[in-house]
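In what follows, a structure is listed as structure tokens, so that the remarks can point back to it.
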Amino acid sequence: MRSADNKILVIGLRTGRLANRLVLFANVIGFAAEHGHRVVNVAFHSYAHLFESTRRDIYCRYPVARHRSLFDVIPGMAPAIRKSRIFYQFIRRASEWNDLFPILGKSVFTLREVSSQTILLDAPEVQSRMADAKIVFVHGWRIRAPESVRRQADKIRDYFRPVAGLEAASRQVVGRLRQVAEVIIGVHLRQGDYRTWKQGRYFFPPERYAAWMRELAAQFPGRKTAFFACSDEPRQASEFPGLAVAIGTGPPIVDLYALAGCDYILGPPSTFSQWASFYGNKPLYHLRSGDDRVEREKFRVSHLEEIP
């Protein structure tokens, strides 16, 4: 169902690192594509250079702009703006001030997260609140549009195609594994901050991951399995004895898209594995307890609705 008023949705808050920002951006794009709106996201500046659709657009627009802005044409201007974060700081303040002092009336609306409850852009009551606005500031993390994401998945995936060199690097990682195995399983070992986040609920040692990997490999009788394991800390293949394992050593974007190229994805609740599952259209299972049993039928493709 497309809207007739063609709103501009402006993302007004940076949310975590790469995968978090991809997930929020994708949800807003899904909603915009569904209703004929446009999106501006200068909060994506830190990662804009990694993607074909955003690397040459200072405004990180959806749909992709037909013409480049003056800031993108003048040599050195766009990198300086991104580095200074001046556009982002202006948008963020404008979003907050409009929420507190809506002097522009109904034409500019701030959709701001004010509690731990998820805001669904797809919900009729939310669409009613922004109905009269021409510009909508999207200010928060827990903002989703799951049904729009499902229906507009192909457009979202096309928008977030990495630049050629990074895409090739991620494909090479999985391609090497496909030369020796029929089933490739991606494993995201989130360590680092997960030692303390939520009291370490989702922190699991490498030996526990290794046991899960063996458990899953046994569910492919007669088929050779191999694993692509990536982590936010250095890992060694020797931590997974008896398994064919390639360790991700590339930058996060390469590991993320290599994970997306696997046949199954396993890891703790995280937007990193969510994005890999969504982009690659590959089934994912989130590990929530050290006592979890990994069963093949429990894997599902993510549509970016879950908030870790």
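The values are calculated or read from the model by the stated rules, or taken from the named source; none is laboratory data. Since we're looking at a predicted model, the values are computed, not measured. In this analysis, Cβ positions are derived from the backbone assuming ideal geometry, glycine residues included, and neighbour counts consider all displayed protein chains.
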**Asked** What number of residues in segment 198-215 are touching a Pro at 6+ places or on another chain (Cβ under 9 Å) and of a type in the set (A, V, I, L, M, F, W, C)?
**Response** 3
**Request:** Filter segment 259-308 for residues that are assigned to a helix (DSSP H, G or I) and surrounded by fewer than 17 Cβ atoms within 10 Å (Cβ to Cβ) and give the result.
**Result:** 296, 297, 298
**Message:** Return the pair list, or none, for Cβ contacts closer than 6 Å from residues in segment 178-196 that are assigned by TED's automatic domain parsing to the domain that holds residue 226 and in contact (Cβ under 8 Å) with a residue 12 or more places away in the chain to residues that are among the small types (Gly, Ala, Ser) and part of a loop (DSSP other than H, G, I, E, B), at least 6 apart or on different chains.
**Reply:** 190/270
**Request:** Just give me the residues in segment 224-260 being of a type in the set (Ser, Thr, Tyr) and within 18 Å of residue 175 (Cβ to Cβ), in sequence order.
**Result:** 225, 249, 257
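Quick check: anything in segment 219-230 farther than 19 Å from residue 272 by Cβ, free of Cβ contacts under 8 Å to residues at least 24 places away in the same chain, surrounded by 12 or more Cβ atoms within 10 Å (Cβ to Cβ) and not charged (D, E, K, R)? Don't jump to the end; show me each part of the working.
The first filter runs over segment 219-230 and keeps only residues farther than 19 Å from residue 272 by Cβ, leaving 219-226.
From the residues that got through so far, the ones that are free of Cβ contacts under 8 Å to residues at least 24 places away in the same chain too are 221-222.
From the residues that got through so far, the ones that are surrounded by 12 or more Cβ atoms within 10 Å (Cβ to Cβ) too are none.
Looking for residues that are farther than 19 Å from residue 272 by Cβ, free of Cβ contacts under 8 Å to residues at least 24 places away in the same chain, surrounded by 12 or more Cβ atoms within 10 Å (Cβ to Cβ) and not charged (D, E, K, R), one finds none in segment 219-230, hence no.
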**Request:** Scan segment 26-81 residue by residue and report those that are in a helix (DSSP H, G or I), buried (at least 20 other Cβ atoms within 10 Å of the Cβ) and of a type in the set (Val, Ile, Thr).
**Result:** 28, 29, 42
**Item:** Extreme residue, farthest from the chain's Cα centre (by Cα), among residues of segment 146-197 that are surrounded by fewer than 20 Cβ atoms within 10 Å (Cβ to Cβ) and of a type in the set (Val, Ile, Thr)
**Value:** 180
